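Chemist: The structure is given below, and queries will be raised subsequently.
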There are 2 protein chains.
Amino acid sequence: MGRLLSEDHVLGLIDSFFPNAADSIAVGRGDDCAVIRTDKNLCISTDLFLEDVHFRRSYFRPEEIGARALAVNVSDLAGSGAEPLGFTLGLALPPKADSEFLCGILRGMAGMAAWSGISLVGGDLSSAERLHFCITVFGRADHPFLRRQAVPEDVIFYVPGTPLGLAALGLKLLEEKGRADAEGLSPRAVAAHLRPEPCLGAARRLRSFAERHDLFQRIGLMDVSDGLARDLPRLIGKNRGASIKLENPDAELLRHEAETGESAFKLMLSGGEAYGLLGTCPKSFFSDLQSDLPETCPLGLVRNEPFVTVNGRILPPDSGFDHFSFASAARVSEE
Amino acid sequence: MGRLLSEDHVLGLIDSFFPNAADSIAVGRGDDCAVIRTDKNLCISTDLFLEDVHFRRSYFRPEEIGARALAVNVSDLAGSGAEPLGFTLGLALPPKADSEFLCGILRGMAGMAAWSGISLVGGDLSSAERLHFCITVFGRADHPFLRRQAVPEDVIFYVPGTPLGLAALGLKLLEEKGRADAEGLSPRAVAAHLRPEPCLGAARRLRSFAERHDLFQRIGLMDVSDGLARDLPRLIGKNRGASIKLENPDAELLRHEAETGESAFKLMLSGGEAYGLLGTCPKSFFSDLQSDLPETCPLGLVRNEPFVTVNGRILPPDSGFDHFSFASAARVSEE
């Protein structure tokens, strides 16, 4: 165990893990505000990542906590097709956090930052009973991808990330069985939950594709964090419907279904935290899109109807997950 | 008491309090990222505002909590001379929060947002045991005011905000005596703590002044949140010193000194949360600056020495306040 922490010590550690300079950062950490050089549009997003709400220390390693806290934010930049520039970190540390624990968190976060090309430009520290992260990311996108661009007959597609439902299975097994047993049963599902990777590469290729075909106003895009059932209506808009065909569940979902009877399709539909990209695209361009992004899975079509069907059955309007539901306040929920 | 809350209900309330459009906001709330139209430099800052660390519900009204959570962030924009544009809100609500309580918070925050000219562009919601805010503000500043611009013989000045030490006295009395008694003893001190006002007007006048005299590289500026003793070294840089003369303590500080023996000067020096602007300016321009900002108080001069003197006595290097100190984790501290 390392020693307990003072503010100066924490700030020193942060400086040792995160460089404080980048081309687009006019002023980095250490002033009232960071100053960002921008030309046109800046995309901004904020996510909370709270101990015992979004993660547990019992089965996350510190490196995984730090990386995931940043990854779920960078995933929002990917969902806008934005190129990561910088982030601020609001960090509340519990009184018993020690230097070794904090270094693990910062090392994981710094690894994700380097991988994403994003600079830590500022933030705030405090003590609190539990470990809390609030990260705000910002990135550049001259033509950001927005939601609600779909018209009827557009193709709905999913770019993994991880296969739909896999991370949700990982969370479920981690909660029910602990890390060692969960990894034994479904190693890829557990990895999908513990170490999500934002789809920055796919977002870049989608941007090139949209540029080449002048499709920025006609491709809808978002990252899937709350599950397909909850996120799809956000993508297509409230007055549109869709017909979705789910097929080829991941092998670990099928094995889980065989062992427990829990439907693989249900996990694909309702399970959160996939962090793939969910999009819509005009039908006539979809095969071109698939040539540029061969990992893309078609899920169905946008319909001019006020409901969603999945494999031919109407989806009840409440099949999503309210991660704010206070009944589940004490347990880990999807963010 | 209102009813308990669902996520949709909270989002609906937020929409009812905060408009979702402004000239510089290309895309507001409701997509993966907000999109900000910018031309040159964007200033960004993040602050945590945590229940039982930075505030207590026992003596804050919900409106005051909401307004203060945003005000301390906007104050960082003032400290950079930036014009407020937008903010994101990370909000964790305790399970027992009800609609009436939340409406109070949002009403206070919306009032501060309207007063500051800043738009809520996004954020994240969660449940948590205590009420936690993490706000990221951003604003435009073609020539932001930075720290560490001072050379020896520059004038150190303070623009209230509130008189130095007053908000710290307010916090002390609220903690020790509760709201009713504290307000009876020192109403302005209590108001200074509960309802700080960011110095946006002064920051604007300072910007015009700097523009007229081409002084952006020669005026150092920050907002005072941790107290003069702790913030002054951050303003002038580690290798500079200063000679400070504190005088004319506020009448409520003097009365408190007379009643308790606690030094008014000590509160002026170490007390946090003043949220005025602390600056440095070349001596030859200071009388012009005072003509433009008559509320400005000269505090002393920057010195080419490695220590700070206050009223002729050397300031011990540790007289600041470590708000991260875990010994005080359970009590309210300055942020």
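The values are calculated or read from the model by the stated rules, or taken from the named source; none is laboratory data. This structure is a prediction, so every number in the text was calculated from the model and none was measured. Heads up, the Cβs are rebuilt from the backbone with ideal geometry, glycines too, and the neighbour counts pull from every protein chain shown. With ligands, DNA and RNA removed, areas are computed over all heavy atoms of the protein, side chains included. Shrake-Rupley method; radii C 1.70, N 1.55, O 1.52, S 1.80 Å.
Chemist: Roughly how many Å is it from the Cα centre of region A:252-288 to that of region B:251-307, as a whole number?
Modeler: Comparing the Cα centres of region A:252-288 and region B:251-307, I get a distance of 61 Å.
Chemist: Sticking with this structure for a sec: At A:Lys283, label 7 Å along Cα→Cβ: distances to the other copies, nm, ascending?
Modeler: Relative to the other copies, A:Lys283 has label-point distances of 8.0 nm.
Chemist: Using a 1.4 Å probe, what is the accessible area per residue for chain A, in Å²?
Modeler: Here the residues of chain A average 37 Å² of exposed surface.
Chemist: Moving to a separate point now. Just to verify a number: FRET efficiency for B:Ala21 and B:Glu153, C-beta to C-beta distance, R0 = 56 Å, to 0.05?
Modeler: 0.70
Chemist: Using a Förster distance of 56 angstrom, determine the FRET efficiency expected from the C-beta separation of B:Ser263 and A:Asp142, and round it to 0.05.
Modeler: 0.45
Chemist: On to the next question. Mind listing the label-point distances from A:Leu11 to the same position on all other copies, shortest first, one decimal in nm, points 7 Å along Cα→Cβ?
Modeler: Going from nearest to farthest copy, the values are 3.8 nm.
Chemist: Then there is this: State the cysteines of chain A left without a partner when partners are defined as other cysteines whose beta carbon lies under 4.7 Å away.
Modeler: If one checks each Cβ against the other cysteines of chain A, A:Cys103, A:Cys199, A:Cys281, A:Cys297 turn up with nothing under 4.7 Å.
Chemist: State to the nearest 20 debye the size of the charge dipole of chain B about its Cα centre, where the only charges are +1 on K and R beta carbons and -1 on D and E beta carbons.
Modeler: 580 debye
Chemist: Where in region A:67-108 does accessible area fall by at least 10 Å² between the isolated chain and the complete protein assembly, at a 1.4 Å probe radius?
Modeler: Buried on complex formation: A:Asp76, A:Ser80, A:Thr88, A:Gly90, A:Ala92, A:Leu93, A:Pro95.
Chemist: Is there a pair in B:Lys245/B:Lys266; B:Lys172/B:Lys266; A:Lys245/A:Lys266; B:Lys238/B:Lys283 whose C-alpha atoms are over 24 Å apart, and which pairs would that be?
Modeler: none
Chemist: What are the nm distances, shortest first, from A:Glu295 to its equivalents in the other copies, labels at 7 Å along Cα→Cβ?
Modeler: Spelled out, the distances from A:Glu295's label point are 5.5 nm.
Chemist: Could you check what % of the DSSP bridge pairs in the protein assembly as shown are antiparallel, to the nearest 5?
Modeler: Approximately 80 percent, going by the DSSP bridge assignments.
Chemist: Let me ask you something else. Check the straight Cα-Cα distances from B:Lys40 and name the lysines below 24 Å, setting aside those fewer than 8 residues away within the same chain.
Modeler: The reachable lysines, counting only those whose Cα sits under 24 Å from B:Lys40, are A:Lys40.
Chemist: How big a patch of accessible area, both sides summed and in Å² to the nearest 100, lies buried between A and B at a 1.4 Å probe?
Modeler: For A against B, buried area totals roughly 5300 Å².
Chemist: Could you please report the charge total around A:Ser291, scoring K, R as +1 and D, E as -1 over all other residues with beta-carbon less than 14 angstrom from its beta-carbon?
Modeler: Result for the neighbourhood of A:Ser291: -1.
Chemist: Got a sec? Which residues of region B:125-140 lose 50 Å² or more of accessible surface with every protein chain in place, vs. that chain alone, 1.4 Å probe?
Modeler: With the partner chains in place, region B:125-140 has these residues losing at least 50 Å²: B:Ser126, B:Ser127, B:Glu129.
Chemist: For the protein assembly as shown, with only Lys/Arg (+1) and Asp/Glu (-1) charged at the beta-carbon, what is the dipole magnitude about the Cα centre, in debye rounded to 20?
Modeler: So the magnitude is around 520 debye.
Chemist: With a cut-off of 8 Å between alpha carbons and a minimum separation of six or more residues, what is the relative contact order of chain B in percent?
Modeler: 22 percent
Chemist: By how many nm would the segment from A:Ser208 to A:Glu7 grow when fully extended, if each residue of separation counts as 0.36 nm and the alpha-carbon distance is taken off?
Modeler: Roughly 68.0 nm would be gained on extension.
Chemist: Right, another one. Would you be so kind as to identify which of B:Gly79, B:Ala67, B:Ile36 lies farthest towards the positive end of the dipole of region B:26-86, taking Lys and Arg as +1 and Asp and Glu as -1 on Cβ and the Cα centre as origin?
Modeler: The Cα lying farthest towards the positive end belongs to B:Ala67.
Chemist: Continuing with this model, one more query. Starting from the Cα of B:Ser291, step 7 Å along the direction of its Cβ; do the same at B:Ala114; then give the gap between the two resulting points in nm.
Modeler: Once both label points are built, they end up 3.8 nm from each other.
Chemist: Would you mind counting up the charge near A:Ser116? Only other residues with Cβ under 10 Å from its Cβ, with Lys and Arg at +1 and Asp and Glu at -1.
Modeler: -2
Chemist: Given H placed 1.01 Å from N in the peptide plane, which residues other than close sequence neighbours of A:Phe145 have an amide H under 5 Å from its amide H?
Modeler: Residues meeting the amide H criterion: A:Gly81.
Chemist: Would you mind telling me the antiparallel percentage of the DSSP bridges in chain A, rounded to 5?
Modeler: Of all bridge pairs located within chain A, approximately 75 percent are antiparallel.
Chemist: Same structure, new question: Per Stokes-Einstein, at 4 °C and 1.567 mPa s, what whole-number D in µm² s⁻¹ belongs to region B:1-75, with the Kirkwood radius over Cα pairs as the hydrodynamic radius?
Modeler: 85 µm²/s
Chemist: Please report the carbon-and-sulfur percent of the accessible area for the protein assembly as shown; probe 1.4 Å, protein heavy atoms only, DNA, RNA and ligands left out.
Modeler: 52 percent
Chemist: Post the alpha-carbon centroid distance, region A:42-78 to region B:99-171, in whole angstrom.
Modeler: Centre-to-centre distance over Cα atoms comes out at 25 Å.
Chemist: Relative contact order of region A:125-259, please, whole-number percent, based on alpha carbon pairs below 8 angstrom and at least 6 residues apart.
Modeler: So the answer I get is 35 percent.
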